[in-house]
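The structure appears below as structure tokens.
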Amino acid sequence: MAARPAGATHFDVFGLPRAYDVDAPALERSYRELSLKLHPDRFAQAEAKERRLSLEQTTALNEAFKTLKDPVRRAFYLLKLQGVDLDRDDASAQKNMPLDFLEEVMELREALDEAMEAKDLTRAQGMAVDVTARQKEALAQAVAALHALGSAPAGSEEAAAALTKASHGLGRVRYFTRFLEQVEAFEEEALG
């Protein structure tokens, strides 16, 4: 068994091109086949190096599958491959969000705080429905930008604009996800 090449991406694990669109059933089949081939139990009697490689590649395979099968995680991962990591707290993409989005965040934050203080679960749940729709819209915009990025010439203004648009869209998705988690926690507290 050969070691995983340095710099290999999750797409490389499955021999897929770096693109948002993934054939989910084919990915699932490939995952099952590779899991059987690399499973540490198959290498229980092998030398220590082979056992270690099996474990490392199984771990990499599981992480790659978990990322690529989830459309949101896949979008964030594609952005990260472009050099924009929204998971980092100091990510400049987060700091450069459009002003209208920052105003939207403040308004939502204040409205949720008011609902929680008033213990108004119905209002918070209504906000969650609205935010879920906004989250889907933001993801669709980010995915469209990732598609545009994939077809733009590398280093072009078109590619830079698509990257910025994808960053902003996924930044909104991240915020809306956290907002919905807060509503869910409030709901559990109110009903628990």
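The values are calculated or read from the model by the stated rules, or taken from the named source; none is laboratory data. Keep in mind that what you see is a predicted model, and the values were worked out from it rather than measured. Cβ atoms come from the backbone with ideal geometry, glycine included; neighbour counts cover every protein chain shown. Just so you know, the surface numbers come from the protein's heavy atoms only, side chains and all, with ligands and any DNA or RNA stripped out. Shrake-Rupley method; radii C 1.70, N 1.55, O 1.52, S 1.80 Å.
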- Identify, by number, the condition in (1) open to solvent by less than 40 Å² (accessible area, probe 1.4 Å); (2) within 18 Å of residue 70 (Cβ to Cβ); (3) out of contact with any Pro (no Cβ under 9 Å at 6 or more places or on another chain) that residue 143 doesn't meet. (3)
- Working carefully through the options 155, 171, find the one that is small (Gly, Ala, Ser) and either in a helix (DSSP H, G or I) or closer than 16 Å to residue 86 by Cα (or both). 171
- Query: Only one of 55, 68, 27, 61 is part of a helix (DSSP H, G or I) and open to solvent by 40 Å² or more (accessible area, probe 1.4 Å); which?
  - Reply: 55
- Item | Extreme residue, farthest from residue 35 (Cα to Cα), among residues of segment 71-91 that are open to solvent by 20 Å² or more (accessible area, probe 1.4 Å) and assigned to a loop (DSSP other than H, G, I, E, B) | 90
- Note on the structure: Within segment 92-110, residues open to solvent by less than 100 Å² (accessible area, probe 1.4 Å), part of a helix (DSSP H, G or I) and modelled with pLDDT of 85 or more come out as 101, 102, 103, 104, 105, 108, 109
- Task: Quickly run through segment 30-52 and pick out the residues that are outside any helix (DSSP H, G or I), surrounded by 14 or more Cβ atoms within 10 Å (Cβ to Cβ) and without any contact (Cβ under 8 Å) to a residue 12 or more places away in the chain.
- Result: 46
- Item | Inter-residue pairs, beta-carbon under 7 Å, first assigned to a loop (DSSP other than H, G, I, E, B) and in segment 5-20, second buried (at least 18 other Cβ atoms within 10 Å of the Cβ), 6+ apart | 17/11; 18/11; 18/78; 20/74; 20/75; 20/78; 20/143; 20/146
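Results for (1) closer than 19 Å to residue 4 by Cα; (2) modelled with pLDDT of 90 or more, shown as yes or no for each residue.
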{"position": "32", "(1), (2)": "yes, yes"}
{"position": "35", "(1), (2)": "yes, yes"}
{"position": "39", "(1), (2)": "yes, no"}
{"position": "51", "(1), (2)": "yes, no"}
{"position": "59", "(1), (2)": "yes, yes"}
{"position": "69", "(1), (2)": "no, yes"}
{"position": "72", "(1), (2)": "no, yes"}
{"position": "78", "(1), (2)": "no, yes"}
- Query: Within the set of pairs 6 or more residues apart or between chains, which connect a residue that is farther than 15 Å from residue 173 by Cβ and in a loop (DSSP other than H, G, I, E, B) inside segment 111-136 to a residue that is of a type outside the set (S, T, N, Q) and open to solvent by 40 Å² or more (accessible area, probe 1.4 Å) with Cβ atoms less than 7 Å apart?
  - Reply: 119/190
- Tell me, which residue of segment 10-24 that is hydrophobic (A, V, I, L, M, F, W, C), over 17 Å from the mean Cα position of the chain (by Cα) and open to solvent by 30 Å² or more (accessible area, probe 1.4 Å) is nearest to residue 67 (Cα to Cα)? 13
